[in-house]
Each structure stands twice: as C-alpha cells, then as structure tokens.
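Worksheet: the structure to be examined is printed underneath.
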Ligand code: F0G
C-alpha cells in the first residue's frame, strides 16, 4: 500500500485523523535523511551535531508531512477547494497534495517576497496562484476574509491536522538515533507551528513510555523577523503589537505568527530557548551547511547560526547531542546562494559590520 511507503503514515496509530486509509493523499513523504555535520559541529564548538533534513521531502520542505495529513482530511470531508497564504513552502506543498487529491487550490503569496523556485512550484502543480501587494501577514488577513464567505478548506498552520503530520519527524528522529534522545533540537521560527508540532511528537512518545525524557527545543528567528524573541525579552512572552518583518530568509519573514502561544508553551515545557540571528550569521551558516555537501535554504540555516550563539552563552555544552531541523532544500532559493557566493548578497556597509574573523570565515566559504 502507498501509505506504507510514507514516513508519516507508517505512524498511523499515532495519527487518528482519517477513517478510510485507502483515501489518504500521499507523495511518499517523510523518511528523511539524518546527516552528521562534523565541520559545522567544530565551528559551533560541540562534539556531536546531526541534521534531520526535512528539505528532502517530495516538494523540498517539511511542509509535506503536514499536508499529507491535512489534505487527506480535506478530501474525506468532501471539500473541492483548499487555500493558504504562504511564504512559499506551504503553498508549494499544498498545491502538490491538492493536485494529487484532485482538489483545486488557491495560493496567496506576498508579491516579490518569495523565492522563485517556490512560486514556480505552486504554478507547476496547478494552483490558482495570486500574488498580493502586501506581506505574508497581509495575505493571511485577506485569506481569512475569503474563507469566511466560501466553502474553502483553510490549510494555514492553524489547521490542527497539519500539526499532526508535522509531529512525525520527532518519531523518525528518535528511531534514527536508535531510540536515544538528543539533548537539544533546534528549529527555525516563522509562523511558529513546527516547533510546537515537534514538541507534541516528543511529548506523545514520552507519555507512551517510548522515551525517558524529551529534548530541549530551541527556536531561532532572524533579527528582522523576531516577534517571539522580542516578546520573550520585553514582555514575558506575551504577544507584542506586530511590526513589519524583514529578512532575506524569506520563508520566515513573518511579523505576526499564528502559533505564538503554542511556541511559548513548547519552549516552556521542553526548557529550550529562543534566539535571534543576524543576516550575516544566517548566510555564513548556510554556506557552512552547504560545504558539508548537505545544503539547505536560508531559513533552515538559522538553526546552525542559533546553535553557535547558544553554545557561546553556555546554554549548550560541548558534549551534548544536538539535532538541527533543516526545513527546506537548498534549491528552493538558488538566487540567494548565487548572490552570496558572488559576494553580492550584502552591501559594503553590511560587510563592514562584520568582525575581521567573521569576514575571513565568510571569505573562506
Ligand atoms: N523553514 C522554512 C523553510 C519554512 O518555509 C518555514 C515556514 C519555516 C522554517 C518556519 O516554520 O512557520 O512552522 O515556524 N514557512 C511558512 C510558509 C510560513 O508559508 O511556507 P514555522
């Protein structure tokens, strides 16, 4: 059966969301690789570092694990249309899974603010792809109005079934570590759903007695799109007034995340931290992950950049085992990579902000 080839549905006993497994919509997602990153570990100052590469999913991002679950529910409930607002990866995944299910899909994306590869995917998979002259947060608002008026199934990460699918990489990760539990798992933070989905996966395994403890989950944001980081610094984690977000890691260019409370809860229950990283730190980390032959998109690289900070602050020690969740494939945003390696990503003023040692590390990659 196709579902037996899916890394999500092989955990179907822990996914009680569809009645008829014959109707599951799958592209054989999950079962993603686990890579060691010895040179990145050294750069961060730790002994043991692995990456769970969610960019190796069928549409190139972790969103597939959630979309197989949510589209299966949409199909079973008889919806004809599904929709999402996106910074590019959700829309690519939704469009693909909707097409597999024979449903129509509508995508709202912020004009000029997503990577071309992602835009092309939703077109290729046949979604009605609409670019709006606003940012991601504006797209979410407009879509919210649309779904109130029409029978369209909303597939943004507020959809609970997406989180059910997105919890399964936690199961795989522990399985790949032969039922050992890492001390730390580090994820990028955008709309803040993934951190809570993974926390749920670990908590369920713990409740079932499959693992003796849960790892600390830390969330890393870009400095220009850091609402969770700022709120924890300034306001005890209470949501602040949204500000316009800006980062070249366009996947996480989000000022008003939907799953705010869930993410705060994930940090509190697991004991992890939230950090922010600069554009230069992201670019360097991305190049370092690339130089291991693994590669990822810019938003995923915040994990390594954040790890370095957490080690420097003494929150992660050299002998602790760390897993980075790489959320998207390097080919998602090839323009970024080319600009970086042609030395065109940053202005002279931005480059001048770097210390001499940072400049030489950037130059070396
Ligand atoms: N990494 C990548 C590659 C992403 O595409 C996203 C989110 C994140 C990290 C952040 O995950 O939102 O669960 O905190 N992308 C969404 C999208 C918002 O529309 O594709 P999160």
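With contacts taken as Cα pairs under 8 Å at a separation of at least 6 residues, segment 62-158 carries a relative contact order of 33 percent.
Here's the picture: a label point sits 7 Å out from the Cα of residue 265 along the beta-carbon direction, and within segment 167-188 the residues with their amide nitrogen under 17 Å of it are 167-168.
Normalising by the residue count of the chain, find the relative contact order in percent from Cα pairs under 8 Å and 6+ residues apart.
19 percent
As a calculated quantity, the FRET efficiency between residue 17 and residue 353 at R0 = 41 Å, using C-beta atoms, amounts to about 0.30. Here each label is just a point 7 Å from Cα along the line to Cβ, and for residue 365 and residue 148 those points are 4.5 nm apart. Using the empirical formula 2.2 N^0.38 Å as the baseline, the Cα radius of gyration of the chain reaches a ratio of 0.93.
At an R0 of 30 angstrom, the distance between the Cβ atoms of residue 124 and residue 31 translates into a FRET efficiency of 0.80. Working from the Cα coordinates of segment 62-158, the gyration tensor eigenvalues give, after taking √(5λ), semi-axes of 19, 15, 11 Å in decreasing order.
Our estimate of slack between residue 80 and residue 39, defined as 0.36 nm per intervening residue step minus the Cα-Cα distance, is 9.9 nm.
Of the peptides 64-72, 109-117, the order by per-residue mean of other Cβ atoms within 10 Å, starting with the highest, comes out as 64-72, 109-117. Both radii are taken from the alpha-carbon atoms of segment 139-221; with Rh as the Kirkwood radius, Rg/Rh is 1.10. The label-point distance for residue 207 and residue 233, in a model that sets each label 7 Å from Cα toward Cβ, rounds to 3.5 nm.
FYI, it's all coordinate maths here, none of it is from the lab. Bear in mind the structure is a predicted one, so any value in this text is a computation, not a measurement. Positions of Cβ are generated from backbone atoms using ideal geometry, with glycine treated the same way; all protein chains shown enter the neighbour counts.
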